[in-house]
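Heads up, the thing below is written out as structure tokens.
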Amino acid sequence: MKSAVETLNPTRVRLTVEVPFEELKDSLDAAYKKINQQVTVKGFRKGKIPARVIDQRFGRGAVLEEAVNDALPKFYNEAVTEAEVNPLGQPEVDITELKDGELLSFTAEVDVRPAIEIPDYSGIEVEVDAIEVTDEDVEKSVEQLRERFASTNPVERPAAEGDVVTVDLTAKVDGEVLPDGIADGVSYTIGSGELLDGIDAAVTGLEAGGEATFTSELKGGSAAGKEAEVTVKVTAVAARELPELDDEFAQMASEFDTLDELKADSRKRLENMKQFDQATQAQERVLEKFLELAEIPVPEKLLEDEVNTRKHNLEHHQLGQMGLSLEKYLELQGKTVEEFEAETKEQAVKGIKTQFLLDELVSKEELNVEQEELTEHLFRRAASSGMSPDQFAQAVVQGGQVPMLVGEVARGKALAVVVEAAKVVDTNGEVVDLSDDEDEVEAAAEAVESVTGEAEVAEEK
């Protein structure tokens, strides 16, 4: 076999391959064997039909077509290896010549990873938010915990903000009750904003047995996005009572003996959260600067596929779960279709460039992913997906996505290398040292994921 490679542009090549006919022998034998199992010829046992009879009865062309289809992947892969290119996706193959007994020639055009020169990132400087936890932050955190331990007691008075009401709801559109427009015994805290717009005003002032009608846009269900006439009947009113903020509450709500200890722990947890947020912010801003320094061409077909994938996942998964159409989503976001298309393309370009650049750095720095790092990343991804680690791990293995997870961690490590070389200061002018941060790689992986989104560039050989 002879092959040659022609660079069409920085992200696409054409392979030209010539195969002497004798190298097709194994594929020809396999073609005759396959056809033998599929056809019957009077006078011959199944599977024992001579090649010359198959040629006479079914045509030599059918055999050659089967043999070439079998052989092409093998010769294509050999040409890829010989040319030392990294294909992205499937090739476009064109058979240019097929002479029985003499020669098979074909071309294969395919997108490839562009050659990228890692820019000097030692001079990158970014500013991040300072870690500041105020007394107000601590009080808010403790108050949220207090809310979780609130009790409710039935009252015989008009409902007011903060009360928990039990309601029956009926929704009509164009005068007709919707198939899924009836809900009884719904518990709702007035002022929480967790149900329909307009319900707070409708139920405030009603006692048990009271009823009101209001108009609201439905957020989900069969008529999501439509205006509905909603009748709400209050069947019970209960007042929420918060526990006293004292040592007894601290003992009930936590492992601490005093309220002061509980507040000190809340402050520490808030500081840790802000520290992780600061690290993630640093990663994102350093990545922005790093990308600006590099020249990274993006394959057109890969970009087109990535844009379509992002749009599909948004429309059929995220919005589908919310009961929203793309048109309604854009209306709520205040965006035109053109703005959405441009934004999606920009995000896709950034995601692909990020993968290319960080993968190149992984290779240059010879960064390896340890089992412990992969396990930690798996646990975090499982938590964010709402699955147990075992369930998530099983889904990853069954879906053949282990290399994807390894790639995410590796890119996180690559970005961490860049961040360690960068100068990071907070808004107070203090230098931020992230080199000793135990969560540095995870923060970096999270920052990379926020950029790459759906993108996962696949190499196929």
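The values are calculated or read from the model by the stated rules, or taken from the named source; none is laboratory data. None of these values were measured; they are calculated from a predicted model. A quick note on method: Cβ atoms are made from the backbone with ideal geometry, for glycine too, and the neighbour counts reach across all protein chains shown.
Within segment 294-326, being within 13 Å of the chain's Cα centre (by Cα) and charged (D, E, K, R) holds for Glu306, Arg310, Lys311. Of all residues in segment 256-263, none satisfies being in a strand (DSSP E or B) and more than 39 Å from the chain's Cα centre (by Cα).
The condition of being out of contact with any strand residue (DSSP E or B) (no Cβ under 7 Å at 6 or more places or on another chain), under 30 Å from Leu195 (Cα atoms) and in a loop (DSSP other than H, G, I, E, B) holds for only one of Leu367, Leu314, Leu324, Leu330, that being Leu324.
Can you confirm whether segment 108-129 contains a residue that is surrounded by 17 or more Cβ atoms within 10 Å (Cβ to Cβ), more than 34 Å from the chain's Cα centre (by Cα) and in the same structural domain as Thr16 (by TED's automatic domain parsing)? Checking segment 108-129: not a single residue is surrounded by 17 or more Cβ atoms within 10 Å (Cβ to Cβ), more than 34 Å from the chain's Cα centre (by Cα) and in the same structural domain as Thr16 (by TED's automatic domain parsing). Among the residues of segment 203-223, none qualifies, meaning not one is without any contact (Cβ under 8 Å) to a residue 60 or more places away in the chain, under 30 Å from Asp433 (Cβ atoms) and surrounded by 12 or more Cβ atoms within 10 Å (Cβ to Cβ).
Taking (1) surrounded by 14 or more Cβ atoms within 10 Å (Cβ to Cβ); (2) part of a helix (DSSP H, G or I) in turn, Glu22 satisfies each apart from (1).
Look at Asp100 and say whether it is in contact with a Lys or Arg (Cβ under 9 Å, 6 or more places away or on another chain) and charged (D, E, K, R). The answer is yes for Asp100. Does Leu361 satisfy being modelled with pLDDT under 95, assigned to a helix (DSSP H, G or I) and either touching a helix residue (DSSP H, G or I) at 6+ places or on another chain (Cβ under 9 Å) or not basic (Lys, Arg) (or both)? Judged against the criteria, Leu361 is not a match.
Just one residue in the set Lys46, Lys74, Lys42 is outside any strand (DSSP E or B) and either touching a residue at least 24 places away in the same chain (Cβ under 8 Å) or closer than 30 Å to Ile352 by Cα (or both); that residue is Lys74.
Restricted to segment 56-73, and to residues there that are among the charged types (D, E, K, R) and within 14 Å of Asp29 (Cβ to Cβ), the residue that is farthest from the chain's Cα centre (by Cα) is Glu66.
Can you name the residue in segment 77-92 that is surrounded by fewer than 16 Cβ atoms within 10 Å (Cβ to Cβ) and not in a helix (DSSP H, G or I) and, of all such residues, is farthest from the chain's Cα centre (by Cα)? Among those residues, the one meeting the criterion is Glu84. Within segment 377-426, the set of residues being under 27 Å from Ala130 (Cα atoms), modelled with pLDDT of 90 or more and part of a helix (DSSP H, G or I) comprises Val409, Arg411, Gly412, Lys413, Ala414, Leu415, Ala416, Val417, Val418, Val419, Glu420, Ala421. Filtering segment 252-290 to residues that are hydrophobic (A, V, I, L, M, F, W, C), under 30 Å from Ile124 (Cα atoms) and surrounded by fewer than 18 Cβ atoms within 10 Å (Cβ to Cβ) leaves Met273, Phe276. Scanning segment 78-122 for residues that are out of contact with any helix residue (DSSP H, G or I) (no Cβ under 8 Å at 6 or more places or on another chain) and charged (D, E, K, R) returns Glu78, Glu82, Glu84, Glu92, Asp94, Glu97, Glu109, Glu117. Checked against (1) without any contact (Cβ under 8 Å) to a residue 12 or more places away in the chain; (2) closer than 30 Å to Val431 by Cα, Glu339 passes all but condition (2). Could you go through segment 211-224 and let me know if any residue there is more than 33 Å from the chain's Cα centre (by Cα), in the same structural domain as Val155 (by TED's automatic domain parsing) and among the hydroxyl-bearing types (Ser, Thr, Tyr). Yes; the residues of segment 211-224 include at least one that is more than 33 Å from the chain's Cα centre (by Cα), in the same structural domain as Val155 (by TED's automatic domain parsing) and among the hydroxyl-bearing types (Ser, Thr, Tyr). Among residues of segment 303-320 that are under 14 Å from Gly89 (Cβ atoms), those with a beta-carbon under 8 Å from a residue that is basic (Lys, Arg) and at pLDDT 90 or above at least six positions away or on a different chain give the pairs Leu303/Lys345. Restricting segment 323-354 to residues that are surrounded by 13 or more Cβ atoms within 10 Å (Cβ to Cβ) and among the hydroxyl-bearing types (Ser, Thr, Tyr) leaves a set whose member that is nearest to Glu288 (Cα to Cα) is Thr354. Just one of the numbered conditions (1) acidic (Asp, Glu); (2) within 30 Å of Pro114 (Cβ to Cβ); (3) buried (at least 18 other Cβ atoms within 10 Å of the Cβ) is not true of Asp200; which one? With respect to (1) acidic (Asp, Glu); (2) within 30 Å of Pro114 (Cβ to Cβ); (3) buried (at least 18 other Cβ atoms within 10 Å of the Cβ), Asp200 is out only on (2). For segment 238-252, a residue qualifies if it is in contact with a Leu (Cβ under 8 Å, 6 or more places away or on another chain) and in contact (Cβ under 8 Å) with a residue 40 or more places away in the chain, and the qualifying residues are Leu245, Phe249.
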